[in-house]
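The values are calculated or read from the model by the stated rules, or taken from the named source; none is laboratory data. What you see is a predicted model, and the numbers here were worked out from it, not measured in a lab. As a convention, Cβ positions derive from the backbone with ideal geometry for all residues, glycine included, and neighbour counts pool all protein chains shown.
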Amino acid sequence: MIRLHVQGDLAPGLAVAPTLDQSRYLTQVMRLKAGDDLLAFNGRHGEWRVSVAEVLKKGVVLRSEEQVREQNHGPDLELVVAVVKKARVETIVEKATELGAARVRLVLTHRTNADRLRLDRLDAIAEEAAEQTGRLDVPLVDDPVKLETLLDGWDASRRLMFCDETGGAPAVSALTAAGGDKWAILIGPEGGFSPEEGARLRALTFTTAVSLGPRILRADTAAIAALTLWQAAIGDWER
Ligand code: SAH
């Protein structure tokens, strides 16, 4: 069944207007016709069976029929990742969505070689991945900010899993020991964190420095590995 992320409200009988691109996808790619069913979610009202009410030149009109799943949210897990090459950032956003991150925060670090990113493209990737993976919300992707700025304003009740290839603790036991249910994972740029950044991160009260094994991973691989580990150790793979 086709799953579509929509902006508008979902309630019995309510008309839903997908975007023009989504309308084209429904009629031209998927060949849906009036009366056909699909699933829709908006991050607020759960998942709904919706039907194609009308196919107009200016787009498709959908009608909400019945709720099939209550709204739910995954764990409160954010991914904080240094800006790397565009293609790798796109992979990271897609995989983070599949692996259940609630939000992706892009950061600029001392050794970031900022690639030009298109935030609208990253949002579209997150949306498509959420549709495909069956989640009922789409992670936010934030505009890049300086790592220092992010750390200055950090909510100390959110733990930070600092992925540190220069000597973090074994990840599973470190996460289990730290506990807590509000987390973020931090992944550095291809050149790694600078010594000053590493020192600051290790000194913060809310960080848990972890190792992802004896091999140096690319940022995208490290992000996927860290999300997997977190989910398996203390996330919703255990619930
Ligand atoms: N400093 C390294 C490369 C950094 S890899 C070098 O140039 O040799 C990019 C990021 O992935 C790192 O900043 C870290 O956050 C994460 N990472 C990669 N391999 C890791 C490992 N084995 N353990 C923990 N984190 C790792």
Can you spot a residue in the range 86-103 that is assigned to a helix (DSSP H, G or I), surrounded by fewer than 16 Cβ atoms within 10 Å (Cβ to Cβ) and out of contact with any helix residue (DSSP H, G or I) (no Cβ under 8 Å at 6 or more places or on another chain)? yes
Qualifying residues in the range 203-239 (those that are charged (D, E, K, R) and within 13 Å of the ligand (Cβ to nearest atom)) - the one surrounded by the fewest Cβ atoms within 10 Å (Cβ to Cβ): Arg215
Exactly one of Pro75, Pro139, Pro144 is farther than 20 Å from Ile234 by Cβ and either free of Cβ contacts under 8 Å to residues at least 40 places away in the same chain or under 19 Å from the mean Cα position of the chain (by Cα) (or both), and that one is Pro144
Filter the range 185-202 down to the residues that are of a type in the set (Asp, Glu) and at pLDDT 95 or above, then identify the one that is nearest to the ligand (Cβ to nearest atom). Glu197
Are any residues in the range 37-51 in contact with a Gly (Cβ under 9 Å, 6 or more places away or on another chain), part of a strand (DSSP E or B) and of a type outside the set (Gly, Ala, Ser), and if so, which ones? Glu47
